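Reading through the structure tokens given below for one structure.
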Amino acid sequence: MARILIVEDEMLIAMMLQDIVSDLGHQPVGPVMRLEPALDAALRDDFDLAILDLNLAGKQSFPIADRLLDRGIPFFFATGYGRDGLTDGYRDLPVVQKPYDAYQIALMLRDLTGDRV
């Protein structure tokens, strides 16, 4: 079981992600809904991987991604912009495009954790 940080500013989507993560046998951490608290969580909290919404109330989550990369914590972006929303330096990172379903999240978590779907 992995502890998974959920960074998502839309409450309904965050709740859906919590349910998906729980249903897959993992423990959700959060959700964290704004950039500044997410930056703190990325630096201090104890979790195994993260799901990052790209746009948090108009602010991009790239600084959070940088902290996770520095800590060696795997993550993926979940965004309606898809890979096109990622800027240079981030384009090779994992991304799931919204709208997504539980199976897509399960596949990405499997890829990051090595667990079976």
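Derivation of every value follows stated rules applied to the coordinates shown; laboratory data play no part. Remember, predicted model here, so these are calculated numbers, not experimental data. Positions of Cβ are backbone-derived with ideal geometry, glycine not excepted, and every protein chain shown enters the neighbour counts.
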Cα Rg, Dmax (largest Cα-Cα span) when computed across the range 1-44, Å: 10.3, 28
Dimensions (Å) - the range 77-117, Cα atoms, principal axes, largest first: 31, 21, 8
For the chain, calculated [θ]222 nm from helices alone, where every DSSP H run of n ≥ 4 adds -39500 (n - 2.57): -11500 deg cm²/dmol
Highest to lowest packing among 57-63, 106-112, scored as the average C-beta count within 10 Å: 106-112, 57-63
At 1.002 mPa s and 20 °C, Stokes D of the chain from Kirkwood alpha-carbon radius, µm² per second: 155
Neighbour-count order for ARG91, ARG3, fewest beta carbons within 10 angstrom listed first: ARG91, ARG3
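Once the piece of chain linking LYS98 and TYR81 is laid out straight, how much longer is it, given 0.36 nm per residue of separation minus the C-alpha distance between them? If you can, show how the numbers build up before the last one.
On the way: separation 17, 0.36 × 17 = 6.12 nm, distance 0.76 nm.
Length gained between LYS98 and TYR81: 5.4 nm.
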